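Enquirer: So that we are looking at the same thing, I have put the structure below in structure tokens.
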Amino acid sequence: MKPNHLQTEIDGIDKQILRDLMEDARKPILQIANKIGISGAAIHQRLRKLEQAGVISGSKFVVNTKVLGYSTMAFVGIYLDKAARNPEAVKELKKIPEVLECHYTTGNWSILIKILCRDNEHLMQLLNKKIQAIDGVSRTETFISLDQQIDRQIQL
């Protein structure tokens, strides 16, 4: 999604609603309404307004990937031989399910990706057989996350 350069104004009630839902997207609307002191219908109306403005772009469940056997998180800086190769490289990276995020960056790398693997061996296979095999990738630089110490959204 491209950033919207026209800033949307939200008031204190909108912020309270968003804070509650960011904390727990399954929190009952009536519970939020009672806490704030407005009707459930007013909450729904405000949520619709926030969705239409692009402030809210959906909700999702958070899966505990460690329970599913994925314990190695890594960030990989990808050097491309030419900047013009970016669209093709991204197209190939989208085909790799372990790639969770892909960023076009300033600095030395052309692309920075976040990947999730079962273990270090899985990471090595992914790097050697899939990522470094993409046309235009000249080399990679990998950083393994030892522990994620902050995981949050922007505070309102």
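The values are calculated or read from the model by the stated rules, or taken from the named source; none is laboratory data. Bear in mind the structure is a predicted one, so any value in this text is a computation, not a measurement. Every residue, glycine as well, gets a Cβ built from its backbone with ideal geometry; the counts of neighbours run over all protein chains shown. In case anyone asks, the SASA skips ligands and DNA or RNA and just uses the protein heavy atoms, side chains included. Shrake-Rupley method; radii C 1.70, N 1.55, O 1.52, S 1.80 Å.
Enquirer: For a test of the definition: using alpha carbon positions, the gyration tensor, and the 1.5 limit on a/c, classify segment 1-94 as rounded, prolate or oblate.
Expert: oblate
Enquirer: Roughly how many debye, to the nearest 20, is the charge dipole of the chain about its Cα centre, given +1 on each Lys and Arg Cβ, -1 on each Asp and Glu Cβ, and no other charges?
Expert: About 340 debye.
Enquirer: Heavy atoms of the protein only, probe of 1.4 Å, neighbouring chains included. What is the accessible area of His44 in Å², nearest 10?
Expert: Approximately 90 Å² of His44 is accessible to the 1.4 Å probe.
Enquirer: I want the local charge near Leu50. Using Cβ-Cβ distances under 14 Å, sum +1 for each Lys or Arg and -1 for each Asp or Glu among the other residues.
Expert: 0
Enquirer: How large is the accessible surface of Leu30 in square angstrom, using a 1.4 angstrom probe and rounding to the nearest 10?
Expert: Looks like 110 Å² after rounding.
Enquirer: While we're on this one: May I ask you to rank Cys102, Cys117 by accessible area, largest first, using a 1.4 Å probe over the protein chains only?
Expert: So the residues, ranked largest to smallest area, are Cys102, Cys117.
Enquirer: Treating the angle as unsigned and between 0 and 90°, give the value, to the nearest 10°, between the Cα long axis of helix 12-23 and the longest Cα principal axis of the chain.
Expert: Taking Cα atoms only, the helix is inclined about 50 degrees.
Enquirer: With a 1.4 Å probe and all protein chains in place, put Met124, Met73, Met22 in order of accessible area, largest first.
Expert: Descending accessible area places them as Met124, Met22, Met73.
Enquirer: Between Asn108 and Ala25, what length comes free when the chain is fully extended (0.36 nm per residue of separation minus the Cα-Cα distance, one decimal in nm)?
Expert: My answer for the length gained is 26.1 nm.
Enquirer: How about segment 1-85: which GluC sites (Glu not before Pro) there lie in a loop by DSSP and see at most 12 other Cβ atoms within 10 Å?
Expert: Hits after loop and neighbour filter: Glu9.
Enquirer: What distance in nm separates the two pseudo spin-label positions at Asp11 and Ala41, each 7 Å out from Cα along the beta-carbon direction?
Expert: 1.8
Enquirer: Ignoring trypsin sites (Lys or Arg not before Pro) that are buried or in helix or strand per DSSP, and keeping those with at most 13 other beta carbon atoms within 10 Å, what is the longest stretch of the chain between them?
Expert: Between exposed loop sites, the widest span is 96-151.
Enquirer: Ok, one more. Hey, what's the per residue convex hull volume over the C-alpha atoms of segment 12-53, in cubic angstrom?
Expert: Dividing the Cα hull volume of segment 12-53 by its residues yields 62 Å³.
Enquirer: Still on this structure: Only Cα pairs under 8 Å and at least 6 apart count here; give the relative contact order of the chain as a rounded whole percent.
Expert: The normalised contact order for the chain reaches 25 percent.
Enquirer: Leaving ligands and nucleic acids out of the surface, order Tyr70, Tyr79, Tyr104 by accessible area at 1.4 Å, largest first.
Expert: These residues rank, largest area first, as Tyr104, Tyr70, Tyr79.
Enquirer: How much length, in nm to one decimal, is gained on full extension between Leu100 and Glu141, taken as 0.36 nm per residue of separation minus their Cα-Cα distance?
Expert: Stretched out fully, the Leu100 to Glu141 stretch lengthens by 13.1 nm.
Enquirer: Now for a different question. What accessible area per residue comes out for the chain, rounded to a whole number of Å², with a 1.4 Å probe?
Expert: 73
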